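A.B. asks: Got a structure for you, written out below as structure tokens; questions coming shortly.
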Amino acid sequence: YACCATSRTTNDCPKGATEIDGVCVATIHNGGADWSTSANACATLGARLCSISQTAVLRKAGKVTSSASWTASYSDNDGSQAAIGVGSAGDNHSASSSYGYACCF
């Protein structure tokens, strides 16, 4: 396993967040937003953009419904191999692309 830096001190989601199938979510925004807006919105909540795998869980749960989503690894969809998480986002898309996003802890 790998341990990554986080500000969480327990396994519980921080106050105001919701746990969805094991993913601790601050907010989900299914409308169009650019990279800067998305990243800043999550940072304001003390969160960060969800990873591809976290976003995949949220898509499977029917919570992320945008056709494409910003994730913590936004720049590449690896030939659509990451489509379960990022949706229809293409490879090497621009930071001005209008995607949805979710903020995770």
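The values are calculated or read from the model by the stated rules, or taken from the named source; none is laboratory data. Bear in mind that the values here come from a model prediction, so they are computed numbers and not experimental data. Neighbour counts run over all protein chains shown; Cβ positions are idealised from the backbone, glycine included. When the accessible area is computed, the model is the full protein with side chains, heavy atoms only, and any ligands, DNA or RNA have been set aside. Shrake-Rupley method; radii C 1.70, N 1.55, O 1.52, S 1.80 Å.
A.B. asks: Quick one: angle between helix 35-44 and the longest Cα principal axis of the chain, in degrees between 0 and 90, rounded to 10, please.
C.D. replies: 10 degrees
A.B. asks: What is the stretch 3-65's relative contact order, in percent, from Cα pairs under 8 angstrom and six or more apart in sequence?
C.D. replies: Working: 37 pairs, mean separation 18.7, N = 63.
Once normalised by length, the contact order is 30 percent.
A.B. asks: Which of Q54, C13, S69 sits closest to the plus end of the dipole of the chain, meaning its Cα is farthest towards the positive end, when Lys and Arg get +1 and Asp and Glu get -1 on the C-beta?
C.D. replies: The residue sitting farthest along the positive end of the dipole is C13.
A.B. asks: Which one, [x] 13.6; [y] 14.8; [z] 15.7, gives Kirkwood radius over Cα pairs in Å as derived from the coordinates shown?
C.D. replies: It is the value labelled [x].
A.B. asks: Next question. On the accessible surface of the chain, probed at 1.4 Å, how many percent belong to carbon and sulfur atoms?
C.D. replies: Values: 2870 of 5950 Å².
With neighbouring chains kept in place, the figure for the chain is 48 percent.
A.B. asks: Which value, in Å², gives the accessible area per residue of the chain when a 1.4 Å probe is used on the protein heavy atoms? Let's see the in-between values first.
C.D. replies: Working: 5950 Å² over 105 residues.
Solvent-accessible surface per residue comes out at 57 Å².
A.B. asks: Something else about it: About the Cα centre of the chain, what is the dipole size in debye to 20, counting +1 per Lys and Arg Cβ and -1 per Asp and Glu Cβ, all else neutral? Before the final figure, lay out the partial values.
C.D. replies: Values: 6 positive and 7 negative charges, 55 e Å.
So the dipole magnitude of the chain works out to roughly 260 debye.
A.B. asks: Take the chain, connect every pair of alpha-carbon atoms lying under 10 Å apart with a spring to form a Gaussian network, then pick out the residue of G22, G90, G32 with the largest mean-square fluctuation.
C.D. replies: Per the Cα network of the chain with a 10 Å cutoff, G22 tops the list.
A.B. asks: How much length is gained on full extension from D21 to D78, taking 0.36 nm per residue of separation minus their Cα-Cα distance? Before the final figure, lay out each step's value.
C.D. replies: On the way: separation 57, 0.36 × 57 = 20.52 nm, distance 2.54 nm.
Extra length from D21 to D78 when fully extended: 18.0 nm.
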